[in-house]
Every structure is written in C-alpha cells, then in structure tokens.
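Let me begin by presenting the structure, written as structure tokens, before commenting on it.
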C-alpha cells in the first residue's frame, strides 16, 4: 500500500486542476478516501487515525500562527489605504531623471510591501490596483507592466519576514529536528531567524540584479513628466520607508518576533488610516471581512494538510519517498537539485502555503539526512518557489496578475517580457547552489550535521518507522 500515497498526490493535482475546488477540501477529501481504503485493506490501523485531533490541536497551539491573521490584515489594509499610492508617487518623483522611473518605483514598492503583505496574492492585488494603471498611463507597455507586477509580488517569498518565510521556517525546524534525531552528533536545530538570515544574501543579489536590469531596459523610454509631490507625501514616504526597513531589520536580527512585528505593522496601518481619515467604517468592514475569510481558508488548509500527511505516513508512503530521495545519484548535491526541481514542478499546481504544509514535511527530513546545511536548503527552496510562480501560463503570480487586472492579452508578449527576470532568478539559484556561503553571510549558529554514507542513512530511515502495538492475538 506504500505506492498508494503517490496516487494521493496525483489525485490531488488532478482534482485541483479539474474541479477548481479549494485546496483544503481536496486534501481532506483525498485523505478521507485513502484512509477508508487503507483501513479496509488492513494496511492502516484505525487506532492510528485517532491521532488526528491531537495533531490538529498541537498544530493550532503554535505561537507563530498568531502572526497569520495579522499579516493577512496588513495585506488587506495596504490594498485599501492610499499608502501604496503615496509611496509610488514619491518613488516616481525620486527617479524622475530616468526613463525607467515608473518601473523602478513599482519594483521598489514591491520590495517594500511584499514582505508586509503576507502572501503573493495580497501583493498582486495591491500592485495591480496601484501600479498597473499608472504604468499604463505613463506609456509603459502592458506586458512590461504586468511582468513588473508579477515579479514584484513574488519578492515577499525571499525577503523576510513574510508569512511564507515564517511558515517555511517552522516547517524546516520540524524537518531538521527529525533529521537530527536519526543522525549522530550535536547540532542546534535551525529556527525562523536562521531562515530569515539565510535568504538575505541571495535576496540582496536578486534585488540588485533586477533593479539594474529594469534601469538598463528603461533607459530608452521617454522620461515621464515630473509629478509634483507635496511635502506631506514626502514626509509620509520617508517615515514609512524608515519604519518598514527598521521593522524588517529588527525581525531578521531577532530583536522582534514575527508576531510582534505583525502586530506592530497592523497597528501602524490602522493609525495611519485613522490619522488620514481614509479608514472609514465601510473600509474597515471590508478589511475585517477579507481578513476573516482569508485567515479561515488558511487554517482550513492547515487542517487539510495535517490530515493528508497523517494518512500518507500511515500508508507507509513516506518510507517509499525517503527511499527515492536516498537513491538519487550524485550525492547530496544531486539530491538537493532533484528536490528543488520537484518543488518547482509542485509550484505549478500548488501555491506556496500548500507546498510548505504538504510537500516540505514529507521530503525535507530525508533530504536533510543527506545534506547537512539546512539553512542553504531553505534558501534554495524559497528561490525555487519564487521562480516557479513566474512561469507562464500556470505560474501562480502570472495567473493572479492576469485575473486581478482582467488582462486577456496573448501570453507570448508577457512570456518574452518575463524571460529576463526568470534568467536572473536562475542565475541567482545557480550562484547559491555553487556557493552555499551566500546563505551564511549574515551568520548563523546552526551547525551542520555530519554527512553519512547512503547505506547508513537508509538504515536510520528504517529505524524511524513507528512501531505499532501488537494485536491481542499476537501477544
């Protein structure tokens, strides 16, 4: 029955693509179906499934999940308040000497707000409303405008402390703990701050390269007419820039927890809306409704993912998957490249949250038993996800941007405009693969675990198989 778990993945992909049902419904439905099949075939003990309520309660007791509704609320507030519009106007005036001023402003706005938005979808909604029409008004080609919206929206995947990084940090902590359990030696388990710091080097290179490309590609554009920006907007932009950079730096350095940072950002946005009288009763009602709807969907996804992984492991499919990863040729590097390719393919069907909650817990423990640098693997995972979100036509950011802007343009032009950014991302991934030190430029204390021979890894994976109590007739 171990192969049945692989069929679970196939069925989930088919149902998500063919029915359009929410992911949590598909995950829970597939888990229930295969649980019934497993119990009926005698491959899954019914007593094992009774662990599901405790697993769900243990999941919801995670302190990091307190940050989830706060990040969602920040994304909803940024989409409703005029702060993003003010920042774009200030940036456009700041880069007025360059023909690429609107594009540089849009990219800078994405770099600032994407980590605070909580998700790629929220960033797409904000930038599509604020940036896209203004770029079109300044004579920017529609394909180039959509591409900037897509790319800038994905920056929150690699720039801390976004919700994607928080959830991945927690998932990697659990996976690293499982790897260390089966590996000799003393090493500290990585935490969320390690993942934050690990992404700084690759994220900085990607940001600098993308700004350089946008500036170079926009040099031939006609310089936009300088827009008058009042002093009040300059002050708002400056204070906002200092606040966001300071908040991100404090979280990355470990001076603030993610929950504290999310609460601080949400309160600051509420105060801004109240001070500028833009947070009316109707706007606040819409923000709260959107926050509750998205938060409820995410928590439902957690429950669906927990149910799916429990049944997957009960069928013994995790051993089969671990055996596949252990058998990948090329040593630790070959295993890392293969897993990154698998994550990239998964991102064409699933979004970041589904991958982190369903795929990562299953494939990372055996991978981290072959490759000791968990921080490096985490950074590569984020880069792979970000690149996959930009692959047309099914990349998550591409589909979201086309839906949010109601653009029905042919994909050929958009693909051509996306190509340079995809090349930049692949180059950064290649550099990070070749030079793992890039993920340690900010320093971390998580010592790598010793590497083991493949035979020893397989033996220890076998030792992790849970022992079930014998039946009464076997005692």
**Request:** Check region 302-323 and report whether any residue there is closer than 25 Å to residue 91 by Cβ and touching a residue at least 60 places away in the same chain (Cβ under 8 Å).
**Result:** no
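With respect to residue 270, is the statement that it is over 30 Å from residue 442 (Cα atoms), surrounded by 13 or more Cβ atoms within 10 Å (Cβ to Cβ) and in contact with a helix residue (DSSP H, G or I) (Cβ under 8 Å, 6 or more places away or on another chain) true?
Yes; evaluated as a whole, the condition is true for this residue.
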**Prompt:** helices (runs of 4 or more DSSP H) wholly in region 29-88 with at least 1 residues that are without any contact (Cβ under 8 Å) to a residue 24 or more places away in the chain, more than 26 Å from the chain's Cα centre (by Cα) and over 30 Å from residue 274 (Cβ atoms) - which ones?
**Reply:** 46-49, 52-60
**Message:** Regarding region 128-140, can at least one residue be identified that is more than 28 Å from residue 221 (Cβ to Cβ) and surrounded by 24 or more Cβ atoms within 10 Å (Cβ to Cβ)?
**Reply:** no
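What tally of residues in region 393-430 results from selecting those that are part of a helix (DSSP H, G or I) and surrounded by fewer than 15 Cβ atoms within 10 Å (Cβ to Cβ)?
9
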**Request:** Just give me the residues in region 11-27 being closer than 16 Å to residue 315 by Cα and within 22 Å of the chain's Cα centre (by Cα), in sequence order.
**Result:** 27
**Hey, residue 15 surrounded by fewer than 20 Cβ atoms within 10 Å (Cβ to Cβ), in a helix (DSSP H, G or I) and modelled with pLDDT under 85 or not** = no
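The values are calculated or read from the model by the stated rules, or taken from the named source; none is laboratory data. From a predicted model like this one, the values you see are computed outputs, not experimental measurements. Ideal geometry is used to build each Cβ from the backbone, glycine not excepted, and the neighbour counts take in all protein chains shown.
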